[in-house]
Amino acid sequence: MVRSLVQCSLRQMLENGFFHADPHGGNLLATKDASLCYLDFGMTSTLTQEQSYGIILAIVDLVNRDWENLVALYKRLGILDKDADEEPIVKALNDALPDVLDASVGQFNFKSVISKLGTVFYSFDFQLPPYYTAILRCLGVLEGVAIQASSVNILG
């Protein structure tokens, strides 16, 4: 069920451009045929194709630790001022995330990555648009659901 939830959420974001940003257990029902039913659409967001593509590129840059490319992407997306000095931001990203992405999938802590990114975002003049913060929230909630599900052995 968790796998379906994650796949559905990513498909909503990256393919459909409209997603539920708060997919916790209180906003979901499992139907008799093991389908997911979303409830309470009070926290949703939309993405353009360019924004969806930007999210994919940001993930690739994070995984590859390509901080220069990530900073350039943030400038193109308007998240960071085009005239911002890149060098201190690249250094801050490298210092904040030197080994956080070395964890195995089972040990990966998304909230830790977001916390460390947040420190960099707040130290520099990042302007996070609502869709970006909604994505971060959605992914954090999904991680929480997966952790909770694995602690009671209902991963599917």
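The values are calculated or read from the model by the stated rules, or taken from the named source; none is laboratory data. Only a predicted model underlies this, so the values are computations on that prediction, with no experimental measurement involved. Virtual Cβ from ideal backbone geometry, glycine too; neighbours counted across all protein chains shown. For accessibility, only protein heavy atoms count, side chains too; no ligands or nucleic acids. Shrake-Rupley method; radii C 1.70, N 1.55, O 1.52, S 1.80 Å.
For the range 19-95, the set of chymotrypsin sites (Phe, Trp or Tyr not before Pro) satisfying both a DSSP loop assignment and a count of at most 12 other C-beta atoms within 10 Å is given as PHE41.
Think of the range 3-156 as a dipole: +1 on every Lys or Arg Cβ, -1 on every Asp or Glu Cβ, centred on the Cα centre; then among LEU97, LEU5, PHE18, LEU5 lies furthest on the positive end. Residues in the range 1-155 average 58 Å² of solvent-accessible surface per residue, probe 1.4 Å, ligands and nucleic acids excluded.
Against the chain, whose longest principal axis is taken from its Cα atoms, helix 49-64 shows a tilt of about 70°.
Seen from GLY54, the other residues with C-beta closer than 13 Å to its C-beta sum to a net charge of 0, counting Lys and Arg as +1 and Asp and Glu as -1. For the chain, a simple Cβ point-charge model (Lys and Arg +1, Asp and Glu -1, everything else neutral) yields a dipole of about 560 debye relative to the Cα centre.
Which number do you get for Rg(Cα) / (2.2 N^0.38 Å) in the range 1-72?
Numbers: Rg = 14.7 Å, N = 72, 2.2 N^0.38 = 11.2 Å.
Cα Rg divided by the expected 2.2 N^0.38 Å: 1.32.
The count of lysine pairs in the chain that are at least 8 places apart or cross chains, and whose C-alpha atoms lie under 29 Å apart, stands at 8. Once C-alpha pairs closer than 8 Å and six or more residues apart are averaged by separation and normalised to the residue number of the chain, the relative contact order reads 29 percent.
I'd like the carbon and sulfur percentage of the solvent accessible area for the chain, probe radius 1.4 Å, heavy atoms only, ligands and nucleic acids excluded.
Values: 4990 of 9090 Å².
Within the chain, the accessible surface is 55 percent carbon and sulfur.
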